[in-house]
Amino acid sequence: MLQTVVTGLAIGGIYALMAVGYSLVFSILNFSNFAHGTVIMLGAYAGYFVLTLAKAPFPVAIVGSIISGAVIAVANEGLAYRPLRIRNAKPLYFMISAMGVSILLENLVYATIGAHFYSYPHVFEMENVVIGEASIGILDLFALVFSTVAILALHLFLQHTRSGIAIRACSYDMTVASIFGAKLDRVIGLVFLLAGGLAALSGVFLGMKYMVYPTMGWITNKAYVAAVIGGLGSLPGAVIGGVLLGLLETFVSTYISSTIRDVFSFSMLVIFLLVLPTGLLGRNVEEKI
Amino acid sequence: MLAGALSGCGQQAQPPKEAPKEAPKEAPKPEVIKIGHAVALTGDASIWGQSESNALKMWVEKINKQGGVNGKQIQLVAYDTRADSVEAVNVVKRMIEQDKVVAIIGAAQSGVTIAMTSVTEPAKVPVIATTATNPAVTVKDGQLKPFTFRVCFIDPFQGTVAAQFASTKLNAKKAAILYDVGSDYSSWLGQYFTEAFEKMGGKVVAKEAFRSGELDYRAMLGKIKKENPDVIFIPTAQKEAALAMKQARDLGFKGTFLGGDNWGSPDIVTLGGKAVEGQYFVNLASMDDPDIQGFIKEYKEKYNAEPVLPNPVMAVDCLIALVEAIKKAGTEGPAIAKALEGTADLQVLTGKLTIDPKTHNPLNKPAIIQQIKDGKFVFAEKYVTK
């Protein structure tokens, strides 16, 4: 029982990290950024190559990965979304563009790096920390702590800095915020920078826990579910949704069967959309897709 | 004979110069024989698919340089299936309706090939599967599919080989199975293993399933570990197997792991690391096989990479059998199928190929047990079908 909770938290922490980046973009631009998963995947590759090819120490790999993720996400915004934004396109078109970017980048990885699976070198000893009757891998513990720190840092940034306030203002109403002096392009660029960095970080953790491969970004489906559960566009909601989903999945796998785990996860998505479309902590999202 | 042709290709400088001189004379007649290739070039199975595709291109080039088949050049029409059944049906339709292929090589996956035959059988286009090992690929409900063939052994045999090996060589009394419920290959192989293992007096103490693409196996492995098996049979692809083995070792499982031919990619070592060291799996072809050294050398020279066995070798076996059938019977589907059915003692890369007319499966196809030692696949045992 305790073991299941611990395992669930370890998975939930990564879901939360992914869901936060996804929710961040949603809160400003009101669309599902399907390219988020691709940035996670590229971030995982970046971290892997910094570690193995450049033989850099682990902290450098994390920083390198976050920077690459941030750069890719900002470039993605500039090339694929900004032109749509200028033309006042509907959120649907953003979503289609995001899917295009995601498929393009994934296939680009197949064509250049190839279909091989990569495994991160062992950064941590394969030892477990024992908490009562349960044990948690050092990697999982590190990922959980680091995810929490990253999410808290983001929270403080949004609450206490000028840029953070601008982002929050834009997430309520972009037009009004811009009348009050928020520079939209800068705010949106910053949002993608943060979301990309978080995506890459979760990519490194996923890569270390499991492995690195071109379709690994599909796991963001779970981040979308987590974001809906928590309330689309709400950052604390994304965290809660991620952790809840991780726990739910682990309990289903352990006590029922892992073959129907995803049936539970996605039923949860449908139930929330029907009964509580704003999620646990969300705002009204009627006009959003 | 083939080995000679292979090693002769080391001097690549001269033949290409001759070929273009003759080519222009024949060029006005656009007489080509189109052969379809349904292959996973992207997706999780693409590591084999890309290698398979490379090998076929190389071999077709070689046949064409030597004058083609019945005076015609072979043209390969390859489309990506992504190892997805729906996608495969679409590409096969395109091959047959638009490209007018005379026969199709592929697919590597049983489920995908079974889906393809729903189109190829009515269209009377022969299909030769490379590594689709499920019995239902060629025989469904006791009914032989007249246009579907394969060059690999079948899963009941593979499952029996694994069970025999576990029972006699590893002295296993209790086995557990961790399988992919989303894959025909995996669930049936688990079933065949169970039947053979219990027939030999062993007991399957746990059977745990997961869905394709699973990343975390701790919940299932925890249940398996409680039963304390000697062996865990993991009939899945290398990615799933490597992750599961790693996690099983993390949980403190000390026994042996055993797998099927889908393990045979070097990825299993890079992914599994120490966890896969010393473990065993059944395979279709081995890099150590002296018969295919020429092929491996040629492949390495051309692509500057090692072929990812067994698919490239099996695909070339398909091509050789197909070319032989076309030589005898021409390019009509039913005639090719008839000729394929009569394939006997044909020299292919992996040995002599004889197709059983009753099942369209190869006879006397050896299965190899390999062990992972120092990150390499080492030959351990050889079994032959009866």
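Values as computed for the structure displayed
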read-out: Loss of accessible area when B meets A, both sides summed, Å² nearest 100, probe 1.4 Å; value: 2200
read-out: For the protein assembly as shown, with +1 on Lys and Arg beta carbons and -1 on Asp and Glu, the positive-most of A:208, A:95, B:344 along the dipole; value: A:95
read-out: Pairs of alpha carbons in segment A:185-238 whose separation is greater than 13 Å (percent); value: 68
read-out: Exposed trypsin sites (Lys or Arg not before Pro) absent - longest run of chain A, DSSP non-H/G/I/E/B, at most 10 other C-beta within 10 Å; value: A:88-289
read-out: Antiparallel DSSP beta bridges within the protein assembly as shown, percent to nearest 5; value: 45
read-out: Per-selection Rg to Rh, the protein assembly as shown - Cα, Kirkwood hydrodynamic radius; value: 1.01
read-out: Chymotrypsin sites (Phe, Trp or Tyr not before Pro) restricted to DSSP loop in segment B:180-225 with at most 15 other C-beta within 10 Å; value: none
read-out: Cα centre as origin, Lys/Arg/Asp/Glu Cβ charges: chain A dipole, Debye; value: 820
read-out: Residues with amide H under 5 Å from that of residue B:75, placed H, sequence gap 5 or more; value: B:33, B:34, B:35
read-out: Charge dipole (debye, nearest 20) of the protein assembly as shown; +1 at Cβ of Lys and Arg, -1 at Cβ of Asp and Glu; value: 540
read-out: For residue B:127, distant residues with modelled amide H under 5 Å away; value: B:104, B:148, B:149
read-out: Taking only Cα atoms of chain A, radius of gyration then Dmax in Å; value: 18.5, 58
read-out: Farthest positive-ward along the protein assembly as shown dipole, Cα basis, beta-carbon charges - from A:54, B:179, A:167; value: A:167
read-out: Rg and Dmax of chain B, Cα atoms only, in Å; value: 21.1, 72
read-out: Residue-by-residue Karplus 3J(HN,Hα) for segment B:134-150, coefficients 6.51, -1.76, 1.60, Hz, glycine and proline x; value: 6, x, 5, 5, 10, 10, 10, 6, x, 9, 6, 8, x, 10, 10, 9, 8
read-out: Volume in Å³ per residue [convex hull over Cα atoms, computed for segment A:20-113]; value: 87
read-out: Between segment B:162-195 and segment A:248-263, the alpha-carbon center distance in angstrom; value: 24
read-out: Whole-Hz couplings from phi, Karplus 6.51/-1.76/1.60, listed for segment A:57-68; x for Gly and Pro; value: x, 4, x, 5, 5, 5, 5, x, 5, 4, 4, 4
read-out: Estimated translational D of segment A:105-236 in µm²/s (Stokes, Kirkwood radius over Cα pairs; 37 °C; 0.692 mPa s); value: 186
read-out: Cβ neighbours within 10 Å from other chains - mean over A:249-255; value: 3
read-out: Shielding score for B:35-48, defined as the mean number of other chain Cβ atoms within 10 Å; value: 2
read-out: From phi via Karplus (6.51, -1.76, 1.60), per-residue ³J(HN,Hα) for segment B:360-371 in Hz, x at Gly/Pro; value: 6, 9, x, 9, 6, 7, x, 10, 10, 9, 10, 10
read-out: Cα Rg over Rh - segment B:276-362, Kirkwood; value: 1.06
read-out: Peptide B:219-232 - average C-beta neighbours from other chains (10 Å radius); value: 2
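The values are calculated or read from the model by the stated rules, or taken from the named source; none is laboratory data. Computed from a predicted model, the values in this text were never measured in an experiment. Here Cβ is always computed from backbone atoms with ideal geometry, including for glycine, and neighbour counts include all displayed protein chains. For the accessible areas, the whole protein counts, side chains as well, though only heavy atoms, and no ligand, DNA or RNA atoms are used. Shrake-Rupley method; radii C 1.70, N 1.55, O 1.52, S 1.80 Å.
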